[in-house]
Amino acid sequence: MTRPVGVLVPAAGLGTRLGPGAPKALRELAGEPLLVHAVRGLRAAPSVGPVVVAAPAADVTQVQALLAPYDVVVVAGGAERTDSVRLALDALDPAVALVLVHDAARCLTPPALVEAVVACLREGADAVVPVLRVADTVKTVEGTTVVATADRSALRAVQTPQGFRRDVLARAHAAAAGSTTDDAGLVEALGVPVTTVPGDEEAFKVTRPIDLLLAEAVLAGRR
Ligand code: C5P
């Protein structure tokens with residue numbers, strides 16, 4: 001039997017860019033918290049086994065109640081996303097050898113994308129990231145002055161779920177100096193190759209108020 005894959009869900013961010021209100025993972029989309037949409041999507045992916053959610057420390061009991069139907073472990077997250085990922089990894093069943101890290105804020109991620117990342121891991125990759133080409137040209141700016149323009153054809157925007165051999169992810173986090181929003185970046189810093197798979201537009205991260213409108217539209221399109 002193929003062994004299940006564990007998923008760590010950092011969901012402890014405050015979501016200040018969404019404006020005032022509840023922590024981001026608890027904001028509602030079509031009457032349910034973003035986190036419920038995210039976990040339901042993970043549970044629809046057949047390879048997903050144990051799930052550990054890092055919730056805002058003040059909301060652990062509420063999140064446990066919300067996610068009771070989905071068989072997940074809830075831990076208190078940390079000050080930075082990196083801390084939340086580490087705390088969730090510590091709570092994951094030690095027997096689980098392949099791990100995904102998935103932002104709760106990418107709450108409409110199609111299960112097929114989860115399975116594509118898992119398939120690449122099972123084929124032997126140490127680390128896997130879903131990527132999309134960038135629509136905008138990207139420039140480096142100092143103050144108000146442009147100092148460089150990147151070659152757009154070589155740029156990719158990175159999504160989650162990102163997939164890892166557990167030992168590689170643990171080593172990357174143990175070696176990490178500061179905080180990061182990208183676990184694959186920590187693996188790159190170890191010199192371990194990171195493999196890409198095609199991302200999915202619907203795995204976008206809810207960050208700003210306009211993303212909630214987009215998410216409502218995506219959900220309406222699915223109904
Ligand atoms: O800040 P951003 O929206 O990029 O966060 C990405 C994900 O990391 C979100 O799902 C957020 O809840 C999570 N996060 C966390 N702990 C923090 C900060 C962010 O779990 N301290």
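The values are calculated or read from the model by the stated rules, or taken from the named source; none is laboratory data. Computed from a predicted structure; not experimentally measured. Counting neighbours? That spans all protein chains shown, and the Cβs are built from the backbone with ideal geometry, glycine included.
Scanning region 139-161 for residues that are aliphatic (A, V, I, L, M) and either surrounded by fewer than 13 Cβ atoms within 10 Å (Cβ to Cβ) or farther than 30 Å from Leu100 by Cβ (or both) gives Val141, Val146, Val147, Ala148, Ala150, Ala154. Candidates are the residues of region 14-31 that are under 13 Å from Ile210 (Cα atoms) and either more than 18 Å from the chain's Cα centre (by Cα) or of a type in the set (A, V, I, L, M) (or both); the one that is nearest to the ligand (Cβ to nearest atom) is Leu18.
Being of a type in the set (Gly, Ala, Ser), touching a Leu at 6+ places or on another chain (Cβ under 9 Å), at pLDDT below 95 and surrounded by 16 or more Cβ atoms within 10 Å (Cβ to Cβ) narrows it down to one residue among Ala215, Ala176; which is it? From the options Ala215, Ala176, the qualifying one is Ala176.
One residue stands out in region 48-89 among those that are more than 22 Å from Ala174 (Cα to Cα) and among the charged types (D, E, K, R): the one that is nearest to the ligand (Cβ to nearest atom), namely Asp59. Consider Ala184 carefully, then state whether it is more than 14 Å from the chain's Cα centre (by Cα) and among the aliphatic types (A, V, I, L, M). Considered against the rule, which asks whether it is more than 14 Å from the chain's Cα centre (by Cα) and among the aliphatic types (A, V, I, L, M), Ala184 comes out as no.
When you scan region 40-99, how many residues do you find that are touching a Lys or Arg at 6+ places or on another chain (Cβ under 6 Å) and of a type outside the set (A, V, I, L, M)?
Within region 40-99, residues that are touching a Lys or Arg at 6+ places or on another chain (Cβ under 6 Å) and of a type outside the set (A, V, I, L, M) number 1.
Screening Gly41 on (1) at pLDDT below 95; (2) away from the ligand (no atom under 12 Å from the Cβ) shows it passes everything except condition (1). Restricting region 110-148 to residues that are assigned to a strand (DSSP E or B) and of a type in the set (Ser, Thr, Tyr), the residue that is nearest to the chain's Cα centre (by Cα) is Thr140. Of all residues in region 168-182, how many are in contact with a helix residue (DSSP H, G or I) (Cβ under 6 Å, 6 or more places away or on another chain) and not aliphatic (A, V, I, L, M)? Looking only at that region, the number is 4. Checked against (1) in a loop (DSSP other than H, G, I, E, B); (2) surrounded by 18 or more Cβ atoms within 10 Å (Cβ to Cβ), Ala22 meets all criteria but (2). Of all residues in region 175-203, those satisfying the criterion of being in a helix (DSSP H, G or I) and among the aliphatic types (A, V, I, L, M) are Ala175, Ala184, Leu186, Val187, Ala189, Ala203.
For region 158-174, the set of residues classified as in a helix (DSSP H, G or I) and within 16 Å of the ligand (Cβ to nearest atom) consists of Leu169, His173, listed by residue number.
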